[in-house]
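Structure first, then comments.
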Amino acid sequence: MQFATSIMIISVPLNIIDLHDDGFHPLVEVGLFGKTFIMVLDTGASKTAFDQTTITEANETMSILASEKLSTGLGTNTMESFTATVTDLHIGELHIAEFEAAVLDLSTINVAYGQMGHPKVLGVLGGDILMKYKAVIDYGRKTLTLKTRKPQKVKLKIVT
């Protein structure tokens with residue numbers, strides 16, 4: 001039995017929220033730890049990052065390690081950074097078995113969202129995942145499209 005690969009295209013709905021005269025943020029639903037969460041789609045974030053408080057509450061046994069790097073952006077100058085190996089992240093039909101993510105204090109984002117009546121977010125889906133899965137963001141259709149290779153078993157007849 002030989003294996004061939006085909007491209008799997010996953011389209012996920014986006015919720016575009018209005019930041020009250022301060023722009024818009026696209027939000028996407030993800031599955032993690034058997035629960036559904038909301039993440040901000042952030043093309044300016046080089047790496048996917050999770051809010052330290054929210055991810056710890058969602059999975060108390062998750063191992064979070066201190067990082068020597070300071071993170072910049074996200075509305076602050078610099079902040080202490082941690083990392084975690086995240087397993088079983090689902091974005092629509094896309095299953096990401098394991099990847100390393102930043103873990104940061106994103107409480108200022110969640111406080112601001114709460115003041116505007118928006119939902120609490122687990123974190124930001126960053127450029128690492130968006131690039132790896134060839135993301136296409138369509139604001140008009142309010143969709144995020146991701147691509148991945150899907151192995152398929154096929155029978156190949158070898159002629160000699």
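The values are calculated or read from the model by the stated rules, or taken from the named source; none is laboratory data. Worth saying up front: this structure is predicted, and the values here are computed from it rather than measured. All Cβ positions, glycine included, derive from the backbone under ideal geometry; neighbour counts span all protein chains shown.
Conditions tested, residue by residue: (1) in contact (Cβ under 8 Å) with a residue 60 or more places away in the chain; (2) surrounded by fewer than 15 Cβ atoms within 10 Å (Cβ to Cβ); (3) under 12 Å from the mean Cα position of the chain (by Cα); (4) part of a strand (DSSP E or B).
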residue: ILE16; (1), (2), (3), (4): yes, yes, no, yes
residue: ASP22; (1), (2), (3), (4): no, yes, no, no
residue: VAL30; (1), (2), (3), (4): yes, no, yes, yes
residue: VAL40; (1), (2), (3), (4): yes, no, yes, yes
residue: ILE55; (1), (2), (3), (4): yes, no, no, no
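Is it the case that some residue within segment 147-155 is within 20 Å of ASN59 (Cβ to Cβ) and either touching a helix residue (DSSP H, G or I) at 6+ places or on another chain (Cβ under 8 Å) or at pLDDT below 95 (or both)? Before you say what the answer is, go through the steps one by one.
Taking segment 147-155 and keeping what is within 20 Å of ASN59 (Cβ to Cβ), we get none.
Among the residues of segment 147-155, not one is within 20 Å of ASN59 (Cβ to Cβ) and either touching a helix residue (DSSP H, G or I) at 6+ places or on another chain (Cβ under 8 Å) or at pLDDT below 95 (or both), which makes the answer no.
Only one of (1) at positive phi; (2) crowded, with 16+ Cβ neighbours inside 10 Å fails for GLY126. Which number is that?
Failing condition for GLY126: (1).
For SER67, state whether it is farther than 24 Å from ALA84 by Cα and either at pLDDT 95 or above or surrounded by 14 or more Cβ atoms within 10 Å (Cβ to Cβ) (or both).
It is false that SER67 is farther than 24 Å from ALA84 by Cα and either at pLDDT 95 or above or surrounded by 14 or more Cβ atoms within 10 Å (Cβ to Cβ) (or both).
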